[in-house]
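The values are calculated or read from the model by the stated rules, or taken from the named source; none is laboratory data. Remember, predicted model here, so these are calculated numbers, not experimental data. Heads up, the Cβs are rebuilt from the backbone with ideal geometry, glycines too, and the neighbour counts pull from every protein chain shown.
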Amino acid sequence: MSAGELSKLVGQLLGENPSVPYLPSDFSQKIEHLLLRYRSSDEEETFFMRYTLRMTEITYERLFRPAPAPDEKVLQRFLDLLQPYPEASLEYSQGSVDPASSLRRAESVHRLLGGRGRVLVMGDDDATSLALSLLGDYEIEVIDIDPRIIEWLASMGVKGRVQDLRLLPDSYAERFEAVITDPAADQELAGEFLKAAVTCLGPDGWLFWADHPDWNQGALTLLEQARTFGLELLERQPNWHCYVPHVISDSTARHFQIPAEWFHKLVQHARVWSHLYILRKTERSHQEV
Ligand SMILES: C[S@@+](CC[C@H](N)C(=O)[O-])C[C@H]1O[C@@H](n2cnc3c(N)ncnc32)[C@H](O)[C@@H]1O
């Protein structure tokens with residue numbers, strides 16, 4: 001990530017060639033300008049362009065105001081234990097966050113649980129379970145649909161089970177003090193993540209939910225759905241997790257007549273971000289799911 005490279009890339013679309021990086025406030029103004037320029041009647045391409053520009057803006061902001069650094073010693077232990085990530089599977093909507101983000105997420109859980117409790121990690125290509133195990137005496141269970149993820153976690157000493165969360169056995173109902181998940185962006189599947197989480201949480205249970213309305217169009221609808229399931233939104237940790245992006249297709253470039261190479265260069269320097277939403281189960285949840 002480099003302010004100079006990002007400034008040049010954004011400048012290129014505006015016919016500028018900045019010799020020094022833009023001030024963050026100027027950078028944001030330029031993004032606003034580009035958001036107005038790159039919109040069309042094609043909602044999908046407009047959404048993808050908006051997503052790209054907003055994530056670029058957040059990456060720039062985070063260069064000047066980084067997310068809180070996790071504990072250095074624990075991060076080092078986490079890195080020492082971490083085995084190479086399995087290749088991301090598109091079939092299972094995978095996309096890992098970086099290790100500092102996994103630990104930052106685990107630290108948010110630890111702050112509220114205080115070192116004990118039964119925790120379910122629903123889908124864990126981020127190894128959040130491993131990060132949390134370094135912080136306290138938790139009973140951690142992981143489920144994931146992808147056997148490679150479960151084998152990878154097992155190689156680091158974390159127990160898990162290959163399980164599709166849409167087919168959870170009844171034994172999971174109301175068993176956990178906390179559920180942690182980074183759900184799929186697909187709204188229907190994310191809705192299944194939400195239902196499974198609510199089912200698994202015991203009374204007053206905590207849900208730690210990673211999402212961002214700038215890359216998931218359904219994010220706010222899902223939060224509203226969570227409210228109807230009896231989950232109260234208590235906190236939002238903004239731009240908490242950082243993912244390495246990948247270019248999916250060149251169609252947005254063609255649509256807006258931007259050189260495809262521009263997107264390819266951008267993904268080398270920009271990142272994708274998600275918030276951590278912290279919700280808590282209230283009494284209403286039981287009847288309504
Ligand atoms: C959904 S992915 C994270 C996606 C990330 N938010 C993104 O959009 O790049 C998180 C984990 O959920 C797992 N997963 C996906 N579908 C699942 C399912 N139906 N049941 C259990 N785990 C699932 C994946 O294998 C992965 O390890």
Any hit, region 199-207, residues being surrounded by 19 or more Cβ atoms within 10 Å (Cβ to Cβ) and either over 20 Å from L120 (Cα atoms) or outside the structural domain of K281 (by TED's automatic domain parsing) (or both): no
Residue list for region 205-246, restricted to those being among the polar types (S, T, N, Q), in contact with a Lys or Arg (Cβ under 9 Å, 6 or more places away or on another chain) and closer than 20 Å to F47 by Cα: N239
Residue count, region 125-154 (criterion: within 13 Å of the ligand (Cβ to nearest atom) and within 22 Å of R236 (Cβ to Cβ)): 2
Count - residues of region 33-60 that are assigned to a helix (DSSP H, G or I) and either without any contact (Cβ under 8 Å) to a residue 60 or more places away in the chain or among the polar types (S, T, N, Q) (or both): 14
Extreme residue, nearest to the ligand (Cβ to nearest atom), among residues of region 61-71 that are in a loop (DSSP other than H, G, I, E, B) and under 25 Å from L6 (Cα atoms): A67
Residue check for L201: away from the ligand (no atom under 13 Å from the Cβ) and farther than 22 Å from P99 by Cα: yes
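Look at region 164-176 and say how many of its residues are within 21 Å of the chain's Cα centre (by Cα) and buried (at least 17 other Cβ atoms within 10 Å of the Cβ). Working first, answer last.
The initial filter retains those residues of region 164-176 that are within 21 Å of the chain's Cα centre (by Cα), namely 164-166.
Pick out the ones that are also buried (at least 17 other Cβ atoms within 10 Å of the Cβ) and you get 165.
Summing the residues that are within 21 Å of the chain's Cα centre (by Cα) and buried (at least 17 other Cβ atoms within 10 Å of the Cβ) in region 164-176 gives 1.
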Contacts under 8 angstrom Cβ, first residue in region 175-204 being part of a loop (DSSP other than H, G, I, E, B), partner more than 15 Å from the ligand (Cβ to nearest atom), 6 or more apart: R175/R118; R175/G202
